[in-house]
Amino acid sequence: MSNLINEKINTANMPDSKGYFGEFGGSFVPEKLKMVMDDVAAAYEKISRDPTFLEELKLLNETYTGRPSPIYHAKRLSAAVGGAEIYLKREDLNHTGAHKINHALGEVLLAKRMGKKKVIAETGAGQHGVALATAAALLGLDCDIYMGEVDVKKEAPNVSRMKILGAKVISVTRGTRTLKDAVDAAFEAYLEDPVNQIYCIGSVVGPHPFPEMVRDFQSVIGIEAREQMLKSEGSLPDAIVACVGGGSNAIGLFSAFLDDKNVKIYGVEPAGKGLDTNMHAASMEKGKKGILHGFKCYFIQDENGEPLPVYSIASGLDYPGVGPQHCYLHDLKRVNYVSITDREAVEAFYALSRMEGIIPALESSHAVSYAVKLAKEIGKGKKILVNLSGRGDKDIDFVMENYPISEYEPEDVMKDGYDEFLSHISSKA
């Protein structure tokens, strides 16, 4: 077990030596990859205890990523909602515009120490791809990014960023041409040469040690947020909220609060076009236990245990499964896994943009939307902390083309409140 982070809150002994969080996780990989995964696990265990590695990562976080990311009190949004106060952990202000740089730097540093020549990865929304391409450029490694053809077209700005940074972007044209297919293609490429390259998974998914490793690198979010809330507000939040696809930004925030029983925790999955349709990616609510991409988790599957196509307006959330630690926390009932539709996410996208001058990623908009619902429910005097996992630069063309909204006066919206705002934009969309 690594000691990269000092606070192994609640899951201090997890994963176990075989990569299990309870019954979830593990490493179900071809024999050819088993020894490679064991080597990666051993290398990670070693470097996570190496003071020189930890100091290098800490320095890069401070001087390159821009950590710590601030906590921001969204006063106008909170006033419009009329319930609990909403705070944002501003991971969107990180270099590259999302939380993904937190683990990308760690993974590429690990790859370099292992003597690898190339890093490869999948990406959905492109944020992990951009972050990994950035880290590879910084540290002098080659980089291949696999991306579904649908997402290549949808997230064109991030594709351009990756290419500018020197990465090779491989468009995946099979299957649904989205994130799941990109993962499949990246794993296959890894199998071709596991000696000279390493697969840098973009979330807390995959075979051991990736769920542990990515969690540890992302735990900086929660450690910072806990200290910041205590310092600025004099207390912990009453609730914390983060979107969940694979679950890296969420577990990064949740990890520091798991032992704080008075803090309610909410993971927000994509309900897409509705949970009563087949156009969603709510793995916890609609999935079953099984083996996906080398680990055991809840995932959306057919009667034969094969993953079904999933959907979300947010490319970073349309994955059929979810990280093993999330599955464990779900069964423990420590985290409440809920869902938000496309329409609700778009409403939150515009609301935060117009009321706070912050354009969120569509992924993060799911968390903002649920926080608004929760704020009304728990009422005044309470505090909600939302992990704003990324900024929406990548989504603006797609949103404006598919969900256009006429001009209106923000002050009128503030005067009338959030419900009137939603009514206004729904009538104009």
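The values are calculated or read from the model by the stated rules, or taken from the named source; none is laboratory data. Quantities reported herein were computed from a predicted structural model and do not represent experimental measurements. As a convention, Cβ positions derive from the backbone with ideal geometry for all residues, glycine included, and neighbour counts pool all protein chains shown. All accessible areas refer to the heavy atoms of the entire protein, side chains included, with ligands and DNA or RNA removed. Shrake-Rupley method; radii C 1.70, N 1.55, O 1.52, S 1.80 Å.
The table for this structure:
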item	result
Residue match in region 186-209 (condition: acidic (Asp, Glu), outside any loop (DSSP other than H, G, I, E, B) and modelled with pLDDT of 95 or more)	no
Hey, ARG49 closer than 21 Å to LYS112 by Cα, assigned to a loop (DSSP other than H, G, I, E, B) and modelled with pLDDT of 90 or more or not	yes
Number of the exception - GLU91 against (1) under 23 Å from PHE295 (Cβ atoms); (2) surrounded by 17 or more Cβ atoms within 10 Å (Cβ to Cβ); (3) in contact with a Leu (Cβ under 7 Å, 6 or more places away or on another chain)	(1)
Only listed residue being among the hydrophobic types (A, V, I, L, M, F, W, C), open to solvent by 10 Å² or more (accessible area, probe 1.4 Å) and part of a helix (DSSP H, G or I), chosen from VAL130, VAL169, VAL150, VAL108	VAL150
Check on MET35, of a type outside the set (Asp, Glu), open to solvent by 20 Å² or more (accessible area, probe 1.4 Å), modelled with pLDDT under 95 and not in a loop (DSSP other than H, G, I, E, B)	yes
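Rundown of residues vs (1) in contact with a Lys or Arg (Cβ under 9 Å, 6 or more places away or on another chain); (2) assigned to a loop (DSSP other than H, G, I, E, B); (3) modelled with pLDDT of 95 or more, yes/no style:
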position	(1), (2), (3)
ALA42	no, no, yes
PRO68	no, yes, yes
TYR72	yes, no, yes
TYR87	yes, no, yes
THR96	yes, yes, yes
ALA104	no, no, yes
